[in-house]
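The values are calculated or read from the model by the stated rules, or taken from the named source; none is laboratory data. This one's a predicted model, so the numbers in the text were calculated from it and none came from an experiment. Counting neighbours? That spans all protein chains shown, and the Cβs are built from the backbone with ideal geometry, glycine included. Ligands, DNA and RNA are stripped out before the accessible areas are found, and what is left, the full protein with its side chains, is counted by its heavy atoms. Shrake-Rupley method; radii C 1.70, N 1.55, O 1.52, S 1.80 Å.
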Amino acid sequence: MARPRKPLLSRERIVSTALALVDSEGLPALSTRRLAAELGVSGPSLYHHFTTKDEILDAVADTIIAQVDVSALETGGDWRAGLLGWARSYRAALAAHPHIVPFLAQGPGRRPAGLKMADAAFGGMVEAGWAPAQATRVCAMVRYFVAGSALGSFARGFVDDPSAYDPADYPHLGQAHLLAEHQRQVDEGAFETGLRALVDGLALQFPARSTKG
């Protein structure tokens, strides 16, 4: 009988395997040796597609950012709706892969999808009437807010043991043990509240922009 053929090694297979490894074990787990073992190939085989681990990480990061929907910023419509749509899609993409957020938070570097997202966000704000310097600050603010909210769960930071919150020491945390049980509602609600506050605050701070776009 013929031996079963191994799946062909490709950039796409390397990236998807690297992402799965980071998702399950975190960034420190990713090395070319470990990745090669997961793929069932020798280490040098990876270098036909990527020359360094950083190149692999860049490709993984760009795969995630490519999922972000920036169309609301490219239609020339209301800048507020554009920011809301971009931020929500951006957070959804990052929140699905929190372990790689620290790497993504460093900025796009030379990654094409990251640069296209930055170009769309900045361009959309400038087209809506924002001065370039203001548009830069707004886009940076959204990135800070999204990355911070996707980095981890606020609700899961509290243990579900009621005895951890002695009312003598923590008189206002009597319900804190219930937060983890409602993690999605708490975390997504907090993000939405903050996002709307940011956008509404921009409209108040720069009223001339609120009538454009």
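Data table
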| quantity | calculated |
| --- | --- |
| Residues that are acidic (Asp, Glu), open to solvent by 90 Å² or more (accessible area, probe 1.4 Å) and more than 28 Å from Ile100 (Cα to Cα), drawn from segment 147-196 | Asp169 |
| Condition met for Ala20 (hydrophobic (A, V, I, L, M, F, W, C), surrounded by 15 or more Cβ atoms within 10 Å (Cβ to Cβ) and modelled with pLDDT of 95 or more) | no |
| Pair list, Cβ < 6 Å and 6+ apart or interchain, from segment 173-201 residues that are within 14 Å of Gly148 (Cβ to Cβ) to residues that are part of a helix (DSSP H, G or I) and of a type in the set (Ser, Thr, Tyr) | Phe191/Ser149 |
| Some residue of segment 47-61 being exposed (fewer than 14 other Cβ atoms within 10 Å of the Cβ) and touching a Lys or Arg at 6+ places or on another chain (Cβ under 7 Å) | no |
| Segments classed as helices (runs of 4 or more DSSP H), wholly inside segment 39-118, with at least 1 members that are under 12 Å from the mean Cα position of the chain (by Cα), farther than 25 Å from Arg13 by Cβ and assigned by the TED database to the domain that holds Ala20 | none |
| Selected residue [farther than 25 Å from Arg184 by Cα, touching a residue at least 24 places away in the same chain (Cβ under 8 Å) and open to solvent by 30 Å² or more (accessible area, probe 1.4 Å)] from Gly109, Gly114, Gly123 | Gly109 |
| Every pair of residues 6+ apart whose Cβ atoms lie under 7 Å, when the first sits in segment 148-166 and is without any contact (Cβ under 8 Å) to a residue 24 or more places away in the chain while the second is part of a loop (DSSP other than H, G, I, E, B) and surrounded by fewer than 15 Cβ atoms within 10 Å (Cβ to Cβ) | Tyr165/Gly174 |
| Residue, nearest to Gly77 (Cα to Cα), within segment 128-146, restricted to residues that are open to solvent by less than 30 Å² (accessible area, probe 1.4 Å) and not in a helix (DSSP H, G or I) | Ala128 |
